Amino acid sequence: MTPTGQPWALRAYLVLARMLAPVWRKGLQRRLLRGKETPRSVRQKLGSEYADRPAGVLVWGHAVGVGESMALAGLFARLAERRPDCRFLITTTARTSGDALRRTGLPARCQHQFAPVDTPEAVSRFLDHWQPSLALWCEMDLWPALIAETDARGIPRALINARLSPESLAKRRWGRWIYQALLPGFRELFAQNEASADALVVLGAQHERITVSGTIKALVPPLGCDADDLESWQQTLGGRPVWLLASSHPGEEELALAAHTRLRAQRSDALLIIAPRAPARGLEVAALASATGLQDVPLRSAGAHLATDAPFYIADTIGEMGLWYRLAPVALVGGSFANVGGHNPHEPLALGCAVLHGPNVWNFAESYERLDGLRQARLVNSESDVAFEVAAVWSANRPIDTTALVDEQAEAVIEKVQALLPR
């Protein structure tokens with residue numbers, strides 16, 4: 001990579017990145033010993049192992065978290081329908097994101113691998129092998145060496161689903177010289193809201209290239225589950241009325257338990273499944289449920305693979321939300337009463353599960369506002385609200401219509417991304 005014409009901050013970063021290559025290697029080896037990496041993920045991150053590169057046009061997308069990688073998978077599924085000549089690659093840095101993609105199933109003609117560490121050597125090996133025709137970055141996981149080398153090779157790139165809160169903007173302003181070197185090279189930038197668009201301009205993006213597009217997380221494909229497991233649960237439950245507390249945080253379980261007491265007064269066979277956001281809290285949540293007078297609260301992690309006649313079930317495992325959303329016709333999505341900002345409402349809706357939420361949903365503010373307007377989601381403020389809305393869904397006994405969930409803004413993102421591809 002030649003430094004000619006590069007801003008001083010980017011040149012300085014690349015020099016430092018080259019010097020830190022041994023540190024990256026040692027850090028990955030330590031993570032491997034601690035079980036946070038696999039031998040394969042280490043080799044991929046260092047650029048010594050790749051799958052075969054498919055022939056033809058390759059669209060590469062990078063994401064860091066599970067939600068972002070799943071959104072990319074949904075976007076690529078739509079592009080695959082329109083461009084049968086294209087192949088797709090998703091890279092992630094987190095092992096959990098790769099695991100989630102494999103559980104749910106990658107879109108047609110799509111592969112996953114781990115992104116290279118941000119050193120010039122690893123980045124060059126990665127791009128030499130994959131030679132993408134288009135590069136997409138999802139949200140703000142921007143690696144300077146990777147972006148700089150992509151730019152040096154003339155690979156068009158776009159930033160999608162960008163979201164910047166005032167707090168995250170303040171944190172990034174210390175590195176504004178790097179952002180001022182990187183952001184102008186993006187052909188298209190899609191911000192989730194006006195505030196994020198303004199923040200991108202502050203960091204150096206060109207205003208005329210920014211589109212306020214909302215979130216593309218409405219494109220997430222339905223979460224997968226084990227078909228045999230689903231059938232066993234459905235047979236065991238029979239006609240029991242079920243609802244779900246999904247991705248809960250401390251304080252939210254107490255509210256759900258109180259709401260369930262009200263529901264049990266109406267339907268004595270009602271079942272509440274609680275899936276804590278941190279599965280390690282399973283025993284803690286079971287203790288809360290036991291305080292209602294129940295002696296034995298079944299835990300998924302303890303081997304209770306099917307519900308008993310108990311009123312509660314603790315789903316304290318990772319990667320099974322696709323099962324719980326299929327079993328429950330309605331879910332109270334957690335993080336919306338705690339000071340967390342809410343979690344993704346599109347995952348339950350994609351599986352026909354109605355959504356209830358509390359007032360704290362700033363992470364998905366635009367999505368919840370729209371979904372509330374469509375009556376696909378409902379704001380609840382108390383245990384009595386929760387009990388009323390759950391009972392209403394049970395009584396209605398109608399599946400959620402998901403055809404309206406991909407709106408015009410998401411379609412506009414797909415169209416603009418498609419326009420960047422070679423014909």
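If you go through region 159-199 and pick out every residue that is open to solvent by 50 Å² or more (accessible area, probe 1.4 Å), touching a helix residue (DSSP H, G or I) at 6+ places or on another chain (Cβ under 8 Å) and of a type in the set (A, V, I, L, M), you end up with 1. When we screen Val417, Val380, Val393 for residues that are within 30 Å of Val59 (Cβ to Cβ), at pLDDT 90 or above and surrounded by 13 or more Cβ atoms within 10 Å (Cβ to Cβ), the only hit is Val417. For the structure I just gave you, tell me whether Ala55 is over 18 Å from Val42 (Cα atoms), over 14 Å from the mean Cα position of the chain (by Cα), among the small types (Gly, Ala, Ser) and outside any helix (DSSP H, G or I). Taking the combined requirement at face value, the residue satisfies it. Leu28 meets the conditions (1) over 25 Å from Leu421 (Cβ atoms); (2) open to solvent by 50 Å² or more (accessible area, probe 1.4 Å) in every case but one. The failed one is (2).
Number of residues in region 1-17 that are surrounded by 15 or more Cβ atoms within 10 Å (Cβ to Cβ) and not in a loop (DSSP other than H, G, I, E, B): the value is 6. Step by step: first the residues of region 68-82, then only those that are in contact (Cβ under 8 Å) with a residue 12 or more places away in the chain and open to solvent by 20 Å² or more (accessible area, probe 1.4 Å), then the one that is nearest to Pro222 (Cα to Cα). Which residue is that? It comes out as Ala77. Tell me, please, whether a residue that is charged (D, E, K, R) and closer than 25 Å to Lys217 by Cα can be found in region 114-129. Taking every residue of region 114-129 in turn, none turns out to be charged (D, E, K, R) and closer than 25 Å to Lys217 by Cα.
The condition of being under 20 Å from Pro116 (Cα atoms) and exposed (fewer than 15 other Cβ atoms within 10 Å of the Cβ) holds for only one of Gly56, Gly35, Gly47, Gly61, that being Gly35.
If we keep just the residues of region 280-318 that are in a helix (DSSP H, G or I) and open to solvent by 40 Å² or more (accessible area, probe 1.4 Å), which is farthest from Ala100 (Cα to Cα)?
Restricting attention to region 280-318, the residues satisfying the condition of being in a helix (DSSP H, G or I) are 280-290, 300-302.
Right, trim to open to solvent by 40 Å² or more (accessible area, probe 1.4 Å) and you get 280, 283-284, 287-288, 290, 301-302.
Details: Ala280: 18, Leu283: 24, Glu284: 25, Ala287: 29, Leu288: 29, Ser290: 32, Ser301: 19, Ala302: 22 Å.
Top of the filtered list is Ser290.
Counting just the residues of region 148-158 that are farther than 14 Å from Arg11 by Cβ and without any contact (Cβ under 8 Å) to a residue 40 or more places away in the chain, which one comes out most open to solvent (accessible area, probe 1.4 Å)? Among those that are farther than 14 Å from Arg11 by Cβ and without any contact (Cβ under 8 Å) to a residue 40 or more places away in the chain, it is Arg153. Within region 28-54, residues that are touching a residue at least 60 places away in the same chain (Cβ under 8 Å) reach partners that are in a loop (DSSP other than H, G, I, E, B) and among the small types (Gly, Ala, Ser) with beta carbons closer than 8 Å, at six or more positions or on different chains, in the pairs Lys45/Ala115. Pairing each residue of region 264-281 that is in contact (Cβ under 8 Å) with a residue 12 or more places away in the chain and within 9 Å of Asp316 (Cβ to Cβ) with any residue that is of a type outside the set (A, V, I, L, M, F, W, C) and assigned to a helix (DSSP H, G or I), provided the two are 6+ apart or on different chains, yields C-beta distances under 7 Å for Ile274/Glu253; Pro276/Gly282; Pro279/Ser301.
Number of residues in region 131-140 that are open to solvent by 30 Å² or more (accessible area, probe 1.4 Å) and modelled with pLDDT under 95 equals 1.
Scan region 308-318 and give yes if some residue there is of a type in the set (D, E, K, R), touching a residue at least 40 places away in the same chain (Cβ under 8 Å) and touching a strand residue (DSSP E or B) at 6+ places or on another chain (Cβ under 8 Å), otherwise no.
Checked against the condition, which is being of a type in the set (D, E, K, R), touching a residue at least 40 places away in the same chain (Cβ under 8 Å) and touching a strand residue (DSSP E or B) at 6+ places or on another chain (Cβ under 8 Å), region 308-318 yields at least one hit.
With respect to the conditions (1) surrounded by fewer than 17 Cβ atoms within 10 Å (Cβ to Cβ); (2) within 16 Å of the chain's Cα centre (by Cα), Leu20 lacks only one, and its number is (2). Taking every residue in region 83-112 that is part of a helix (DSSP H, G or I) and pairing it with any residue that is open to solvent by 20 Å² or more (accessible area, probe 1.4 Å) and at pLDDT 90 or above, at least 6 positions away or on another chain, the pairs with Cβ-Cβ distances below 6 Å are Gly98/His112; Leu101/His112.
Once region 99-130 is narrowed to residues that are open to solvent by 40 Å² or more (accessible area, probe 1.4 Å) and over 26 Å from the mean Cα position of the chain (by Cα), the residue that is farthest from Arg11 (Cα to Cα) is His129.
Counting just the residues of region 200-246 that are part of a strand (DSSP E or B) and of a type in the set (Val, Ile, Thr), which one comes out least open to solvent (accessible area, probe 1.4 Å)?
In the first step, residues of region 200-246 are kept if they are part of a strand (DSSP E or B); the result is 210-212, 242-246.
Okay, now just the ones that are also of a type in the set (Val, Ile, Thr), so 210-212, 242.
Working: Ile210: 29, Thr211: 36, Val212: 49, Val242: 6 Å².
Among residues in region 200-246 that are part of a strand (DSSP E or B) and of a type in the set (Val, Ile, Thr), the one least open to solvent (accessible area, probe 1.4 Å) is Val242.
Taking the criterion of being open to solvent by less than 20 Å² (accessible area, probe 1.4 Å), outside any loop (DSSP other than H, G, I, E, B) and within 28 Å of Ser165 (Cβ to Cβ), the residues of region 319-353 that qualify are Tyr325, Ala331, Leu332, Val333, His346, Pro348, Leu349. In this structure, is Arg83 modelled with pLDDT under 90 and among the basic types (Lys, Arg)? No: the conditions fail for Arg83. Only one of the numbered conditions (1) farther than 24 Å from Glu408 by Cα; (2) not in a loop (DSSP other than H, G, I, E, B) is violated by Ala197, and that is (1).
The values are calculated or read from the model by the stated rules, or taken from the named source; none is laboratory data. Just so it is clear, the model here is predicted, and its values are computed rather than measured. Positions of Cβ are generated from backbone atoms using ideal geometry, with glycine treated the same way; all protein chains shown enter the neighbour counts. Note: accessible area is taken over every heavy atom of the protein model, side chains too, but ligands, DNA and RNA are not part of it. Shrake-Rupley method; radii C 1.70, N 1.55, O 1.52, S 1.80 Å.
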